[in-house]
Every structure is written in structure tokens, then in C-alpha cells.
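Down below is the structure, laid out as C-alpha cells.
The values are calculated or read from the model by the stated rules, or taken from the named source; none is laboratory data. All values reported here derive from a predicted model rather than from experimental measurement. Note: ideal-geometry Cβ built from the backbone for every residue, glycine included; neighbour counts use all protein chains shown. Accessible surface areas use protein heavy atoms only, side chains included; no ligands, DNA or RNA. Shrake-Rupley method; radii C 1.70, N 1.55, O 1.52, S 1.80 Å.
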Amino acid sequence: MPFLYRTAVTITRKQPYIDWANSFDDGGPELTRELADDRRTIYLVAESDDRANLRTLLDEYWEEIFEEELAMWMEEEDDWPAARTREMFDAWFGAEITDTVIDLVPEQPLTETDAELADLNEALHFCAWCELEIEAGPGRFVGFKLEDRDRFADRAGLTLSLRINPERSVMGIVTPDDSEEAANGDDLVFRACSSRCEKAIRSLVATWMQATAGGDLARVLELMAADVVFLGPGRPPMRGKDAFAAATRAMEGKNRIEGTAETKEVRVFGDWAYCWNHLTVTMHPAGGAAPSRLTGPALSVLSKTADGRWVIFRDANMIAPDRSPE
Ligand SMILES: [Zn+2]
């Protein structure tokens, strides 16, 4: 039986927490009683020999749990109640204990580290192109030099996925900084089963490098006015093409993004137009963590250039985490 050596503490946010969460006049979402009951957090602690006692456990962990629960609503610590006591914890939170925790999918990665290791194992033992399993001996590694190794510093020793098309990506490994491969100029390596697959990987990576070197981005930038302004909730206006390009480059390799736009309305007034789109965006983190979905409207003002092309002049994007029922 895939039994986990953990005791679980389930935390429910009570009325004082809800009142605190709703005390901010920042246009954020409201925390309702239903939402608080629906989105409870489970904390796992070490299993004890005798039947775990809730009071003892909370005596040990209440401060950590308190901080975690506050951070879930407000990242800024200045907005947290400063004087937190054990009595306050009991008033703000309900707690239940479960000392039998059973994992029904033991073959699936349990933690982020497990998921990273599973990806790494796959990248080491399967052809990146045709996904054929490769024995330890045969097969080959196809290595590439990255223009800007520093940009992938946080992936060193871990996998990096390159998107081929919305349905498929290939996974390579960013070599550790102190490895022999990195010293030989191979910053990114892929496992290949045959020369045919090696060739396919080489051509794909060449295309990807061209695109990240500015190919695709350049095309996107052509669609914008030089003094374009992007507006979005919770961040200052992003002014100009250069700011957009810098923000895009900073995101590369971190997420794989898929999106669709449904046009609701377009009106043209001479050399000006506005366009209302409904956007749905899915972000797949490179590490293989769960994807997140954002959805919402965007309103763009377009202007016509001297050579007759339409470009984005202003863009207000109101996408937010998708809270609609699944
Ligand atoms: Zn292959």
C-alpha cells in the first residue's frame, strides 16, 4: 500500500481571516465563505509513533502555517497582522488532523523535485526526437552552444523544453556550469537514438535559436507602434517596443505559452480603430509543473502607419487567473 509517512493537518480559514482578506481596497477578488471552505490547505508533517495530537502539532507549527496562509492572500508582509499569537491562530483558523495519508498514484512525481528528476531521467534515457528508449551505452548526445548561457542559469543541470508547435516540444538538458560538456561549449544537450534523429534535432534547435535571436520577436514588434503602451492590472504601464522586447526575452525558456484570441468587436474610424478580443492563455512552466490558465478581455487601439499597415497603439489587457468552474 502506497502509504505516506506523514500526518496531515487540514486548515480552514475562519471569519477573522476572511474579514482581514476583504479589508484591502485594492480591487482584488473577494474571499467568500464558500471559497474559504472550498480551498483549504493541507500541511504534511512527520508521522509520530503514537497517535498524533492536534494541539501538540499546532504548538509546533502554528507560526509557519499562519505565515503561509497569509502569504497565500497577500504576498506583501507589511499587510499581515503584525502581532500574531497562538490564541489568534485558533480564532482565525480551523484545523483537522488525519494520520493516514495514502498515495493512490505512487508512480507519479510527488514534489517539484521529483517532477524535475523524472524529466531529467526521461531526457537522459529517451530520444528527444522520436522518444525511443535508449540503452545506457548506445545513442548519442547532440550538443549546442547557447548564445546567452546566463539566461538559462536557473535550469543548469535540469531540463529545458523547446516548443516545436503547440502540441509538441522536445526536451534537452542544460549542462551544469562545472561540467565537462559546458567546458567543451555544449550548453544544451539532447539524447538522440540515430543519425536521422540527430539531424532532426539539429535543424529544430537551429530554428529555435534563430527565433530567440530576434526572428519571431522582430515579426511581433513590427505589429506595434514605436510608442505603444501596454496597460494591465497590478503593474505600471509598459511603454514602447523595447520594453516589450525586454520583457519577452526575460520570459523565454521559462514558460511555454499557448493562446487563443476571439475577436468580439472591431470598429474603424479613418486611420484609427479599436478592437475588443477575448483572450485565453495557458502557461506551461518549463519544469513540468501544473499549467495555469488565464482568461479575460483585451481592448486595443490600432493606428494606421504611413505605409498603410495597422499597428497596436494602446493595449489594455485584463486577463486574470481563470476562476470559472472546470
Ligand atoms: Zn530517435
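Results for (1) touching a Phe, Trp or Tyr at 6+ places or on another chain (Cβ under 8 Å); (2) small (Gly, Ala, Ser); (3) part of a loop (DSSP other than H, G, I, E, B); (4) in the same structural domain as residue 7 (by TED's automatic domain parsing), shown as yes or no for each residue.
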site	(1), (2), (3), (4)
68	yes, no, no, yes
90	no, no, no, yes
94	no, yes, no, yes
97	no, no, no, yes
128	yes, yes, yes, no
136	no, yes, yes, no
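When the residues of the stretch 98-119 are filtered to those that are touching a strand residue (DSSP E or B) at 6+ places or on another chain (Cβ under 7 Å) and over 30 Å from residue 143 (Cβ atoms), the one that is nearest to the ligand (Cβ to nearest atom) is 103. Restricting the first member to the stretch 120-132 and to residues that are near the ligand (Cβ under 7 Å from one of its atoms), and the second to residues that are of a type in the set (Gly, Ala, Ser) and modelled with pLDDT of 90 or more, the beta-carbon pairs closer than 6 Å and six or more apart or on different chains are 127/192.
The single condition among (1) of a type outside the set (Asp, Glu); (2) open to solvent by 80 Å² or more (accessible area, probe 1.4 Å); (3) away from the ligand (no atom under 16 Å from the Cβ); (4) modelled with pLDDT of 85 or more that residue 202 does not satisfy is (3). Selection over the stretch 25-41 of residues that are without any contact (Cβ under 8 Å) to a residue 60 or more places away in the chain and more than 23 Å from residue 8 (Cα to Cα) gives a count of 6. The condition of being open to solvent by less than 30 Å² (accessible area, probe 1.4 Å) and modelled with pLDDT under 90 holds for only one of 152, 144, that being 152. Restricting 12, 7 to residues that are outside any helix (DSSP H, G or I), surrounded by 12 or more Cβ atoms within 10 Å (Cβ to Cβ), in contact with a Gly (Cβ under 6 Å, 6 or more places away or on another chain) and in contact (Cβ under 8 Å) with a residue 60 or more places away in the chain narrows the list to 12. State whether the residues of the stretch 176-195 include one that is modelled with pLDDT under 90, within 13 Å of the ligand (Cβ to nearest atom), crowded, with 16+ Cβ neighbours inside 10 Å and of a type in the set (A, V, I, L, M). Checking the stretch 176-195: not a single residue is modelled with pLDDT under 90, within 13 Å of the ligand (Cβ to nearest atom), crowded, with 16+ Cβ neighbours inside 10 Å and of a type in the set (A, V, I, L, M). Please list, ordered by first then second residue, the pairs with beta carbon atoms under 7 Å, 6 or more apart or interchain, first in the stretch 184-203 and in contact (Cβ under 8 Å) with a residue 12 or more places away in the chain, second of a type in the set (Asp, Glu). Listed pairs, sorted by first residue: 189/181; 192/198.
Of the residues making up the stretch 306-324, those that are modelled with pLDDT under 80 and assigned to a loop (DSSP other than H, G, I, E, B) are 306, 307, 308, 309, 322, 323, 324.
Out of 117, 160, 104, 124, report the one residue that is open to solvent by less than 20 Å² (accessible area, probe 1.4 Å) and at pLDDT 85 or above. Talk me through it step by step, then tell me what you get.
Numbers: 117 fails: open to solvent by less than 20 Å² (accessible area, probe 1.4 Å); 104 fails: open to solvent by less than 20 Å² (accessible area, probe 1.4 Å); 124 fails: open to solvent by less than 20 Å² (accessible area, probe 1.4 Å).
Criteria check complete, one pass: 160.
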